[in-house]
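*Asks:* If you scroll down you'll find the structure; I have some questions about it.
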Protein chains: 2
Amino acid sequence: MNNNVGWNCRGDKEEGGRKTVVVADDHAIVRQSLVDVLSEPGRINKEGLQVVEQAEDGFAVLAAVKRHKPNLLLLDITMPLASGAEIIKDIQRWSPDTCTVVFTGMEATGLLWGLIEDGAQGLFSKADPVEELLDKLPMILEGTPYIAPRFQALLHKKSAITALTARERQTLSMVVGGMSNREIAEAMNISPKTVDKHRTSLMNKLNLHSVVELIAFALREGIIDQPHGS
Amino acid sequence: MNNNVGWNCRGDKEEGGRKTVVVADDHAIVRQSLVDVLSEPGRINKEGLQVVEQAEDGFAVLAAVKRHKPNLLLLDITMPLASGAEIIKDIQRWSPDTCTVVFTGMEATGLLWGLIEDGAQGLFSKADPVEELLDKLPMILEGTPYIAPRFQALLHKKSAITALTARERQTLSMVVGGMSNREIAEAMNISPKTVDKHRTSLMNKLNLHSVVELIAFALREGIIDQPHGS
DNA sequence: TACAAAATGGGGTCATCACCCCATTTCCGC
DNA sequence: GCGGAAATGGGGTGATGACCCCATTTTGTA
């Protein structure tokens, strides 16, 4: 967890005095809508933002951010080719001054925690009116992180997954990845019996009793990289 | 499968000569964007469409359609409270003259088939530019069904699930629902051995070898009602 | 340093699953 | 009505999973 409260979304350049932004979402209609409203003068700030590039998958996002080092990256984390929290970590490495704001319809508690720990400065839900995002963006661009109330509520009742130890989490993700105890044991360089122990222990903690229940849980928590929805 | 090619999207009333439409999507930004562009005169037709109501969940959709009996219903099928194909069937019953067009980011082949069989007159992907939808809407409103090329491709390589028999499909959905062979046997009023037979047979047909693989398949195909994404 | 939690791994048991064999019956289409 | 696919269900086997018991070691933290 990095404590970057008060972080400055400096970015690399501000073309013509306007702050730059990369918009990433796998849905064209959402991208278009965001671009329209972000670049409109007087909406976010008096000049409007400069949308330097759009991206519709994870690879394109990384490429765009590397190229432009924008002040702001607005992205949905459920995208093809590279999704989830890893992308944010990559972005922090390649362009640490870019301020990353997540705008998503996903509600898996496990993933949400990851986003914050990896350095997302803003968290907004697509279920909320866009105004929520627009209202808070100026503040975020000044360096104050913000999380939408909807997500704050989800984060408060903290995920049952926090009760798991590191080893148990690794085991969980391999189990839902379809690996047998023996395969997991090889991958972790430990005995199958230890894997069995981790497995029994985590199922006990989560009060689950079969692989199917385990996967249902993993889907809710966002542990599984599932085919995209909505 | 109903052959309603050439169906007329009459609806109930055309307020002020404009065709009426209900817009349903769980994401506010998408709703707003659609409403803006649909009601704009000269875009779909010269008068623009009359957006009579918006809905953000399955119940609201049904209520809105019952109330307005619009010419057109534009909806995303992955919504809270009531999702998927059942909603379309309900709508056909309550307002048979409403023309239902699905606009979604979902790509599960199994569900797509259901949508068409249940009477969707249009199928568009959120990954495509909105223009695709706008261009084809007038035609659909005249009564000619249309499916976006992206989905046509998905539908052509028809789902492996079509190789399954009725009993095997029932078994499949119960297995991924977390039921044991014994429980399934009780539910179906047959012997556990027969369930075992169905199970073995369907896994053979789908070339799967574990419950986890089975669930991964079910997710791809849209058999499982998964937590909403994107 | 001392203590607790985590991680390691061995023993066993029982249920379930994946897959093979086999047979009978039921039902739909030609 | 005949044939074939589907559905039914019984026997069996080996593998795996879900738990129980137990112990040792490692690690982090008070």
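*Asks:* Kindly indicate which of B:126, B:205, B:157 is of a type in the set (Lys, Arg) and within 11 Å of another protein chain (Cβ to nearest Cβ).
*Replies:* Working: B:205 fails: within 11 Å of another protein chain (Cβ to nearest Cβ); B:157 fails: within 11 Å of another protein chain (Cβ to nearest Cβ).
Result of the check over B:126, B:205, B:157: B:126.
*Asks:* Residue B:151 - would you say it is touching a strand residue (DSSP E or B) at 6+ places or on another chain (Cβ under 6 Å), closer than 28 Å to residue B:26 by Cβ and away from chain A (no Cβ under 14 Å)? Break it down stepwise before answering.
*Replies:* On the way: touching a strand residue (DSSP E or B) at 6+ places or on another chain (Cβ under 6 Å): yes; closer than 28 Å to residue B:26 by Cβ: yes; away from chain A (no Cβ under 14 Å): yes.
Yes; evaluated as a whole, the condition is true for this residue.
*Asks:* Sticking with this structure for a sec: Does any residue of the range A:126-143 turn out to be open to solvent by 40 Å² or more (accessible area, probe 1.4 Å) and within 30 Å of residue B:211 (Cα to Cα)?
*Replies:* No - not one qualifying residue is present in the range A:126-143.
*Asks:* Let me ask another. Pull up the range B:208-223, narrow it to residues that are of a type outside the set (Phe, Trp, Tyr) and more than 9 Å from DNA strand C (Cβ to nearest atom), then point me to the one that is most open to solvent (accessible area, probe 1.4 Å).
*Replies:* Across the range B:208-223, the extreme among qualifying residues is B:220.
*Asks:* Something else about it: Exactly one of (1) within 14 Å of chain A (Cβ to nearest Cβ); (2) touching a residue at least 60 places away in the same chain (Cβ under 8 Å) is unmet by residue B:138. Its number?
*Replies:* (1)
*Asks:* Among the candidates A:214, A:208, which residue alone is in a helix (DSSP H, G or I) and in contact with a helix residue (DSSP H, G or I) (Cβ under 9 Å, 6 or more places away or on another chain)? Walk me through how you get there before you give the answer.
*Replies:* Working: A:208 fails: in a helix (DSSP H, G or I).
Result: A:214 is the single residue among A:214, A:208 that is in a helix (DSSP H, G or I) and in contact with a helix residue (DSSP H, G or I) (Cβ under 9 Å, 6 or more places away or on another chain).
*Asks:* Take the residues in the range B:174-196 that are within 10 Å of DNA strand C (Cβ to nearest atom) and facing chain A (nearest Cβ under 10 Å); name whichever of them is most open to solvent (accessible area, probe 1.4 Å).
*Replies:* Step by step, filter the range B:174-196, then rank; the result is B:179.
*Asks:* Something else: Take the range A:90-120 and flag every residue that is more than 14 Å from chain B (Cβ to nearest Cβ) and open to solvent by 10 Å² or more (accessible area, probe 1.4 Å).
*Replies:* Selection gives A:90, A:92, A:93, A:94, A:96, A:97, A:113, A:114, A:116, A:117, A:118, A:120.
*Asks:* Residues being more than 25 Å from residue A:219 (Cβ to Cβ) and near DNA strand D (Cβ under 7 Å from one of its atoms): count how many of those fall in the range B:155-184.
*Replies:* 3
*Asks:* Go through (1) touching a residue at least 24 places away in the same chain (Cβ under 8 Å); (2) not in a loop (DSSP other than H, G, I, E, B); (3) not aromatic (Phe, Trp, Tyr) and name the single condition residue A:184 misses.
*Replies:* With (1) touching a residue at least 24 places away in the same chain (Cβ under 8 Å); (2) not in a loop (DSSP other than H, G, I, E, B); (3) not aromatic (Phe, Trp, Tyr) applied to residue A:184, the lone miss is (1).
*Asks:* Only residues that are open to solvent by less than 10 Å² (accessible area, probe 1.4 Å) and either assigned to a strand (DSSP E or B) or not polar (S, T, N, Q) (or both): list them for the range A:67-76, please. Outline the logic, then answer.
*Replies:* If we filter the range A:67-76 for residues that are open to solvent by less than 10 Å² (accessible area, probe 1.4 Å), which is where we start, we get A:70-76.
Selection gives A:70, A:72, A:73, A:74, A:75, A:76.
*Asks:* May I pose another question? Which of (1) within 8 Å of DNA strand D (Cβ to nearest atom); (2) touching a residue at least 40 places away in the same chain (Cβ under 8 Å) does residue A:206 not meet, given it meets every other one?
*Replies:* Looking at each condition in turn, residue A:206 falls short on (1).
*Asks:* Might you let me know whether the range A:129-146 holds any residue that is out of contact with any strand residue (DSSP E or B) (no Cβ under 8 Å at 6 or more places or on another chain) and within 16 Å of DNA strand D (Cβ to nearest atom)?
*Replies:* No.
*Asks:* Any residue in the range A:57-76 that's without any contact (Cβ under 8 Å) to a residue 40 or more places away in the chain: show its pairings with residues that are of a type in the set (S, T, N, Q) at Cβ separation under 7 Å, as long as the two are six or more apart or on different chains.
*Replies:* A:58/A:83; A:66/A:95
*Asks:* Among (1) under 20 Å from residue A:111 (Cβ atoms); (2) more than 14 Å from chain B (Cβ to nearest Cβ); (3) assigned to a helix (DSSP H, G or I), there is one condition residue A:200 misses while meeting the rest; what is its number?
*Replies:* Here residue A:200 meets the rest and fails (1).
*Asks:* Also: Take residues that are over 15 Å from the mean Cα position of the chain (by Cα) and tell me which of the helices (runs of 4 or more DSSP H) falling wholly in the range B:77-161 contain 2 or more. Talk me through it step by step, then tell me what you get.
*Replies:* Values: elements: B:85-94, B:109-117, B:130-141, B:149-156.
Helices (runs of 4 or more DSSP H) meeting the threshold: B:85-94, B:130-141, B:149-156.
*Asks:* Across the range A:60-115, what is the number of residues that are touching a His at 6+ places or on another chain (Cβ under 9 Å) and farther than 16 Å from residue A:21 by Cβ?
*Replies:* Matching residues across the range A:60-115 total 7.
The values are calculated or read from the model by the stated rules, or taken from the named source; none is laboratory data. This one's a predicted model, so the numbers in the text were calculated from it and none came from an experiment. Note that each Cβ is placed from the backbone with ideal geometry, even for glycine, and that neighbours are counted across all protein chains shown. The accessibility values were calculated without ligands, DNA or RNA, using every heavy atom of the protein model including side chains. Shrake-Rupley method; radii C 1.70, N 1.55, O 1.52, S 1.80 Å.
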